[in-house]
Amino acid sequence: MEKLFLVCISDYYYKNKIFNIDSPTNRDDYYYPYYLLKKKFNELGVSLNTYDYFNENNKKAYGLLFFDIPKNVEKYFNDDHESYLVISESTIVHPINWKIELHKHFKKIFTWNDDFVKG
């Protein structure tokens, strides 16, 4: 995979804003983990950009990375790519993350919830 696109739960973070640690909206270094993730993927030869940089005419291998499940998640499901999910919020904060029927669309799911991890 040469390209990976981050699907955010809010358009607010698009235009790669979520990776910009110099942004005035980077309160309490909120963007820093995303900045480091982008940097590490670049070191591995994989470009990471927000989904608004995706071009459907691009035939190169790509993947989608989700940090929590957006409300319109179904529009991203197809067989053209691999999808990965990072569940960072609890069922109380973001209940859609825990809808098991949606998990079948992801190649791998990463979570803090040890009770959810299958052995």
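FYI, it's all coordinate maths here, none of it is from the lab. Computed from a prediction, not measured in an experiment: that's the story for all the values here. Heads up, the Cβs are rebuilt from the backbone with ideal geometry, glycines too, and the neighbour counts pull from every protein chain shown.
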- Mean separation of Cα contacts under 8 Å, 6 or more apart, over the residue count of the chain: relative contact order %: 27 percent
- Would you mind ranking E82, E101 so that the residue whose beta carbon has the fewest other beta carbons within 10 Å leads the list? E101, E82
- Amide H contacts under 5 Å for K15, placed H, 5+ residues apart: D52
- Query: Put +1 on the Cβ of every Lys and Arg and -1 on every Asp and Glu Cβ in the chain; which of F54, S83, F19 then has its Cα farthest towards the positive end of the dipole?
  - Reply: F54
- Message: Which log10 I(q)/I(0) values does segment 3-111 give at q = 0.24 Å⁻¹ under the Debye formula, counting every alpha carbon as one identical point scatterer?
- Response: -1.52
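Once you order the gyration tensor axes a ≥ b ≥ c over the Cα atoms, which shape class does segment 57-119 get: rounded for a/c under 1.5, otherwise prolate or oblate by comparing a/b with b/c?
prolate
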- Give the long-range amide H neighbours of G63: residues separated by 5 or more places, or on another chain, with amide H under 5 Å away, using H modelled in the peptide plane at 1.01 Å from N. K3, L4, F5
- Query: Residues with amide H under 5 Å of F110's amide H, sequence separation 5 or more or different chain, H placed in the peptide plane at 1.01 Å from N; which?
  - Reply: L85, V86, I87
- At 222 nm, what helix-only mean residue ellipticity would the chain give, in deg cm²/dmol to the nearest 500, using -39500 (n - 2.57) for each DSSP H run of four or more? -3500 deg cm²/dmol
- Query: Assuming R0 = 30 Å, what is the FRET efficiency of Y53 and F116, from their Cβ-Cβ distance, to the nearest 0.05?
  - Reply: 0.45
- Roughly how big is segment 1-75's charge dipole about its Cα centre, with Cβ charges of +1 (Lys, Arg) and -1 (Asp, Glu), in debye to the nearest 20? 180 debye
- In this structure, among K3/K104; K17/K75; K71/K108; K15/K104; K39/K107; K15/K40, pairs with alpha-carbon gaps over 25 Å are K15/K104
- Label-point separation, I96 to S23 (7 Å along Cα→Cβ), nm: 1.9 nm
